[in-house]
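The values are calculated or read from the model by the stated rules, or taken from the named source; none is laboratory data. Nothing here was measured: the structure is a model prediction, and the numbers come from that model. Don't worry about glycine lacking a Cβ; one is built from the backbone with ideal geometry, like all the others, and counts go over all protein chains shown.
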Amino acid sequence: MPAMLAVLETRTIFGGETATARLVFYLLALLTLVLFFWGLYRRVRAYRGGRQPEGWRWLRRSVAREIPDVTARPSVAESAAIIAANRSITKVKRPVGIAHLLVFWGFIGLFLATSILSLDYDILGTVARFLTGRTYGFFQGPFYLGYNAVFDLAGLLAIVGTLALALRRWFSPEPQLDYRRAEVPEEGYSRSKIVLGDQVFMAGLLLILVTGLLIQGLRIDGEGFPAFERWTWFGWVIGKLFVSLGIGAAAARSTHAWLWWVHVGTALAFIAYLPFSKALHILSAPTNLVVNDPANIRRLPAPPSGPAGYATLADFTPKELLGFDSCTKCGRCHYVCPARTAGAPLSPRDFILDLRQWSDRENGIPLLLDTEKRPVASGPLSKEGPLAGTVIKERTLWSCTTCMACVEICPVGVEHVPTIVQLRRSLVDQGVMDATLQGALQNISTQGNSFGKSARMRARWTKGLEVQIPDARKEPVEYLWFLGDFASFDERLVQVSQTLASVLSHAGISFGILYEDERNAGNDVRRVGEEGLFEMLVESNMRAFEKASFDRIVTTDPHSFNTLRNEYPAFGLEKEVIHYSELLASLVYKGQVELKPLQRRVTYHDPCYLGRYNRVFDAPRAVIGATGCELVEMPRNRTNSFCCGAGGGRIWMDDSFLEERPSVNRIREAASLGVDYFVVACPKDYAMFSDAVKTVGLEGSMKVVDIVELFSEALLGANLIEA
Ligand code: SF4
Ligand code: SF4
């Protein structure tokens, strides 16, 4: 029925374009696809060139979640839900996350719209006509009306989101968007091309969206506003706007003809440019989020060969290389990094960008923008020298406290810490390290502790206790108490260890210690890159565990807690490992102790290796709650806690060059709350923050207390805190 066909609701694809113009379009589209897939091929080839100790099984095991982890890791379906809801972005800055969500779903909608159009026109139209002599299009009638209504909404969402993100990038003074380096090379540098890369990316998206919207309005205007095009509601409004500006049907048609080419040309150029620019994260970031595995940080991977660490590009795993390509330069890790905040020459963002630029150059991947320039070849541009020390400076690598704040906050699942440790292993192999660190490692190697004290002195803190602490090597106990070096040797911590011993005895807990057989657990030794020494310590402690009879391990030290719980199982440890705050909380929960409420106002500091690493957030808070103290949270708490600055072996290194020690920064944060007590659950924290309180001059108004000291006061009545 020709008369009906004339009024059928649809629009002409390539309306007004000549056959030559169509041919040009398809040739350009072909060229675009060739460039796009060539770029992707270069990327995938680079990933395949990475180290794969277990072949591609890591990918299958990662996606299938076969790699066990003590903390719940999202399933693949949950990861997909996280990506779909952009939860890794919204969790920190909700407005930014919502804007990104609009862009994300808006563009998925527009991609779907283009695919449907191509299916109808190219496959069911052109190809089917060529093969069968008939066409099978469906782009008409109710489908056409619904298509326009839905995808106009997608376009609007994408425009609003992109505009919001672009304005933030271009005009926001937020410090994480400041591209100045934390580690400034002596010869200077320029990041103007990185800024330009951002601008081109955002401007490209906006141009595609806005021209798409305008040609929609021009088309409707040029067609004389057919009534059914009201379903194309956004384009209809724009068309009416053109009319109000005096642009009639003829002018609309001629403008549409050239603006269509601007729209199509920008879209094709953007697709071709994608693998060579920041836009790559559209593909790499979701992939990285699916294979991302935080267990890699809790349980560090072994070095590529022996203890030598990374030396060449071939040492990096495909997962690491994918992570570099996923970075969007959002700067969140840069902002939260305690080393950067303290004025150290480390920014996790710059670390990733430097490695990315270096690996792109090594892999021969051409980048027009998104690169840093230096007057002479050094840093990520250098072709000479070992990787650790040239591409990434030694001082940068040694500044890391391995606090995991960067990994926690990264919206695209980049895992900075294992890579930093692999490069530190290389420095250790070259013998490049701080003299004080060297001394501490020497002490650990010869005496089994970082204090350099004789092993026989390890249990000296038990002298003066009313009861003899059982020797777990000689009698069976339920809990083997692993103290760690600070709780055993540091004079300030002796009283805290004694208090915990009294509390456990009072509560009737069966516990014992290893006496002189306990060695440094090796958590921080491993994180400074001394893999060989770490393995020696593990063997030594495992021999001691074998001599003892116990059901589970309780430890005072979150660092020991992490390695015993997550790394020792690979060496044969099969016992449950808990932190003493969990044991204290269980005493309360099971009604094994009766506590008198205290009238104190306190704040609590989440140790990195207890909280962020192992997700023990509630037990310490439950203990504080049970003592009746009023807990006032610091703004940075739980996963967002701020490191004391001691982790990753930093406690053994010189920090006199820092502008403000992280522990001092943290005490100032607590002081703003007006609390009297700063509660810790880590011996190193006790030492670090006690010093920081003195530095800030708060000795008279704020006291650092261990959680067991509060518990003891509520349980036994003895006021150790004021003593
Ligand atoms: S682990 Fe902590 S100190 Fe190290 S780069 Fe990340 S945020 Fe900075
Ligand atoms: S590594 Fe992650 S958090 Fe850091 S700048 Fe890149 S995307 Fe942002």
CYS403 versus (1) within 14 Å of the chain's Cα centre (by Cα); (2) more than 9 Å from ligand 2 (Cβ to nearest atom); (3) farther than 21 Å from PHE657 by Cβ; (4) not hydroxyl-bearing (Ser, Thr, Tyr): which is the lone unmet condition? (3)
Which of the residues spanning region 621-641 are of a type in the set (Lys, Arg) and either over 16 Å from SER663 (Cα atoms) or in contact with a strand residue (DSSP E or B) (Cβ under 6 Å, 6 or more places away or on another chain) (or both)? ARG621, ARG638
What pairs can you find where one residue is in region 409-436 and within 19 Å of PRO338 (Cβ to Cβ) and assigned to a helix (DSSP H, G or I), the other is within 10 Å of ligand 1 (Cβ to nearest atom) and hydroxyl-bearing (Ser, Thr, Tyr), and their Cβ atoms are less than 7 Å apart, with a gap of 6+ or different chains? VAL417/THR402
Here the residues within region 317-357 that are away from ligand 2 (no atom under 11 Å from the Cβ), surrounded by fewer than 24 Cβ atoms within 10 Å (Cβ to Cβ) and not in a helix (DSSP H, G or I) are THR317, ALA342, GLY343, PRO345
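Restricting attention to region 288-316, and to residues there that are among the polar types (S, T, N, Q) and within 14 Å of ligand 2 (Cβ to nearest atom), which single residue is modelled with the highest pLDDT?
ASN288
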Whether any residue in region 247-269 is assigned to a loop (DSSP other than H, G, I, E, B) and over 30 Å from GLY343 (Cβ atoms) is what I want to check. yes
What are the pairs with Cβ atoms under 6 angstrom where one residue, in region 102-116, is at pLDDT 95 or above and the other, located anywhere, is outside any helix (DSSP H, G or I)? Sequence gap at least six, or different chains. PHE104/ASN86
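Could you tell me whether GLY97 is in the same structural domain as GLN216 (by TED's automatic domain parsing), away from ligand 1 (no atom under 16 Å from the Cβ) and either among the aromatic types (Phe, Trp, Tyr) or closer than 21 Å to CYS333 by Cβ (or both)?
For GLY97, the condition - in the same structural domain as GLN216 (by TED's automatic domain parsing), away from ligand 1 (no atom under 16 Å from the Cβ) and either among the aromatic types (Phe, Trp, Tyr) or closer than 21 Å to CYS333 by Cβ (or both) - is met.
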Out of (1) assigned to a loop (DSSP other than H, G, I, E, B); (2) under 29 Å from CYS333 (Cα atoms), the odd one out for PRO597 is which? (2)
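Can you name every residue in region 665-681 that is assigned to a helix (DSSP H, G or I) and either over 19 Å from ALA339 (Cα atoms) or more than 16 Å from ligand 1 (Cβ to nearest atom) (or both)? Give the steps one after another, and end with the answer.
So the first thing to find is which residues in region 665-681 are assigned to a helix (DSSP H, G or I), and the list is 665-671.
Those that are assigned to a helix (DSSP H, G or I) and either over 19 Å from ALA339 (Cα atoms) or more than 16 Å from ligand 1 (Cβ to nearest atom) (or both): ILE667, ARG668, GLU669, ALA670, ALA671.
Are any residues in region 348-381 more than 19 Å from LEU321 (Cβ to Cβ) and in contact with a helix residue (DSSP H, G or I) (Cβ under 8 Å, 6 or more places away or on another chain), and if so, which ones?
Let us first name the residues in region 348-381 that are more than 19 Å from LEU321 (Cβ to Cβ), namely 368-369, 373-378.
Listed by number, the residues that qualify are LEU368, LEU369, LYS373, ARG374, SER378.
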How many of the residues making up region 636-657 are farther than 21 Å from PRO294 by Cα and not in a loop (DSSP other than H, G, I, E, B)? 3
Quickly run through region 682-696 and pick out the residues that are surrounded by fewer than 21 Cβ atoms within 10 Å (Cβ to Cβ) and either out of contact with any Lys or Arg (no Cβ under 9 Å at 6 or more places or on another chain) or in a loop (DSSP other than H, G, I, E, B) (or both). LYS694
Consider LEU710 carefully, then state whether it is within 25 Å of GLY625 (Cα to Cα), buried (at least 24 other Cβ atoms within 10 Å of the Cβ) and either touching a strand residue (DSSP E or B) at 6+ places or on another chain (Cβ under 6 Å) or not basic (Lys, Arg) (or both). yes
Failed item, numbered, when SER454 is tested on (1) without any contact (Cβ under 8 Å) to a residue 12 or more places away in the chain; (2) touching a Ser or Thr at 6+ places or on another chain (Cβ under 8 Å): (2)
Taking the stated definitions as given, is TYR144 more than 38 Å from the chain's Cα centre (by Cα), buried (at least 19 other Cβ atoms within 10 Å of the Cβ) and within 23 Å of GLY217 (Cβ to Cβ)? yes
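Answer yes or no as to whether LEU131 is over 39 Å from the mean Cα position of the chain (by Cα) and not assigned by TED's automatic domain parsing to the domain that holds CYS333. Explain how you work it out, then say what you get.
Details: over 39 Å from the mean Cα position of the chain (by Cα): yes; not assigned by TED's automatic domain parsing to the domain that holds CYS333: yes.
Here the answer is yes, as LEU131 does meet what is asked.
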Does any residue of region 160-182 turn out to be closer than 28 Å to GLN216 by Cα, more than 16 Å from ligand 1 (Cβ to nearest atom), in a helix (DSSP H, G or I) and more than 29 Å from the chain's Cα centre (by Cα)? no
Identify the single condition in (1) surrounded by 22 or more Cβ atoms within 10 Å (Cβ to Cβ); (2) within 16 Å of ligand 1 (Cβ to nearest atom); (3) in a helix (DSSP H, G or I) that CYS403 does not satisfy, given that it satisfies every other one. (3)
